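Worksheet: one structure, shown below.
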Amino acid sequence: MSAPQTAHIDVHRAGDRLKTRVSWLDSKHSFSFGQHYDPDNTHHGLLLVNNDDIVTAGQGFETHPHRDMEIVTWVVQGSLVHQDSIGHSGIIYPGLAQRMSAGKGIMHSEKNDSWSIDGNRHTEPVRFVQMWVLPDSPGTTPGYEQLEIGDELLRGGLVTVASGMDKHRGEAAIGISQKSAALHAARLVPGRSVTVPDAPFVHVFVARGTVSMEGVGELYEGDAVRMSSTGGQSITATEPAEILIWEMHSRLGG
């Protein structure tokens with residue numbers, strides 16, 4: 001898998017994303033997904049899916065299969081109930097890192113439970129970003145991992161959420177079976193900055209708020225920046241913000 005030779009920065013605005021809307025789901029797709037196919041927009045680096053989903057209370061994705069995919073779910077608002085065919089269940093909420101390795105095959109569901117912990121019903125939607133990268137090897141044993149990283153996010157810097165890279169061994173919140181990729185996140189107060197990792201492929205996504213990126217300008221909620229052979233730019237919050245950054249050192253298809 002070779003790296004690009006020249007630096008390139010491509011801004012993708014929130015309003016230009018592909019959309020799936022039904023009664024219970026408002027989903028915005030950064031890349032081709034489901035019935036939406038664009039041969040020129042299938043992935044960036046190793047990232048195949050970056051879906052920004054809003055699910056109403058009491059609704060969600062019924063049990064469905066996945067295979068040979070590393071799936072990282074990041075909840076921005078509300079909570080999401082996960083259940084899978086290998087016995088894992090959990091509630092994903094803001095500040096909780098979660099990864100499911102589909103491996104040789106797994107079934108799972110994701111729902112916005114209409115019952116709260118105190119036993120009362122709620123009507124709040126859940127908003128989450130789901131991201132897929134291919135694993136290093138197909139046909140592995142399926143797996144699941146989650147870990148609370150809220151305290152690290154409160155410090156305001158760039159936090160490694162998930163990684164399979166050797167340099168993050170022992171420090172990434174959760175591991176993924178892809179040795180060339182890592183996901184970082186930051187919650188920023190106005191005026192606070194982080195630096196984009198330098199990598200052959202980088203994907204920056206503004207999950208919440210507004211930021212200013214060096215050499216790019218203002219980025220708003222739902223905006224993304226795809227970068228090749230560059231990094232080191234500063235990102236500064238102009239209002240309370242949350243950003244997700246994939247650092248990738250290889251790409252699909254060589």
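The values are calculated or read from the model by the stated rules, or taken from the named source; none is laboratory data. Predicted model only: the values in this text are computed from it and were never measured. Cβ coordinates were reconstructed from backbone atoms using ideal geometry, including for glycine residues, and neighbour counts include every protein chain displayed. Keep in mind that these areas ignore ligands, DNA and RNA; they rest on the heavy atoms of the full protein, side chains included. Shrake-Rupley method; radii C 1.70, N 1.55, O 1.52, S 1.80 Å.
A few points about this structure:
- Filter result (in contact with a Pro (Cβ under 9 Å, 6 or more places away or on another chain) and not in a loop (DSSP other than H, G, I, E, B)) within region 231-245: 236, 237, 241, 242, 245
- Scan region 142-184 for residues that are touching a strand residue (DSSP E or B) at 6+ places or on another chain (Cβ under 8 Å), open to solvent by 40 Å² or more (accessible area, probe 1.4 Å), outside any strand (DSSP E or B) and touching a residue at least 40 places away in the same chain (Cβ under 8 Å) and the total you get is 2.
- Sole residue being in a strand (DSSP E or B), modelled with pLDDT of 95 or more, more than 14 Å from residue 247 (Cα to Cα) and among the charged types (D, E, K, R), chosen from 187, 226: 187
- Check on residue 29, touching a Lys or Arg at 6+ places or on another chain (Cβ under 9 Å) and open to solvent by 50 Å² or more (accessible area, probe 1.4 Å): no
Rundown of residues vs (1) open to solvent by 20 Å² or more (accessible area, probe 1.4 Å); (2) hydroxyl-bearing (Ser, Thr, Tyr), yes/no style:
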site: 192; (1), (2): yes, no
site: 200; (1), (2): yes, no
site: 211; (1), (2): no, no
site: 222; (1), (2): no, no
site: 228; (1), (2): no, yes
site: 249; (1), (2): yes, no
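- Pick from region 32-51, criterion in a strand (DSSP E or B) and farther than 19 Å from residue 81 by Cβ, ranking: most open to solvent (accessible area, probe 1.4 Å): 33
- The set of residues in region 169-181 that are out of contact with any Gly (no Cβ under 9 Å at 6 or more places or on another chain) and of a type outside the set (A, V, I, L, M) comprises 170, 171.
- Boolean, residue 12 is open to solvent by 30 Å² or more (accessible area, probe 1.4 Å), closer than 19 Å to residue 133 by Cβ and out of contact with any strand residue (DSSP E or B) (no Cβ under 8 Å at 6 or more places or on another chain): no
- For region 112-133, filtered to residues that are modelled with pLDDT of 95 or more and touching a Leu at 6+ places or on another chain (Cβ under 9 Å), the residue that is most open to solvent (accessible area, probe 1.4 Å) is 132.
- Filter result for residue 70 (farther than 24 Å from residue 223 by Cα and either out of contact with any Phe, Trp or Tyr (no Cβ under 8 Å at 6 or more places or on another chain) or of a type outside the set (Val, Ile, Thr) (or both)): no
- Qualifying residue in region 196-216 (condition: touching a Phe, Trp or Tyr at 6+ places or on another chain (Cβ under 6 Å) and in a strand (DSSP E or B)): yes
- Test result for residue 97, among the hydrophobic types (A, V, I, L, M, F, W, C), more than 25 Å from residue 182 (Cα to Cα) and buried (at least 19 other Cβ atoms within 10 Å of the Cβ): no
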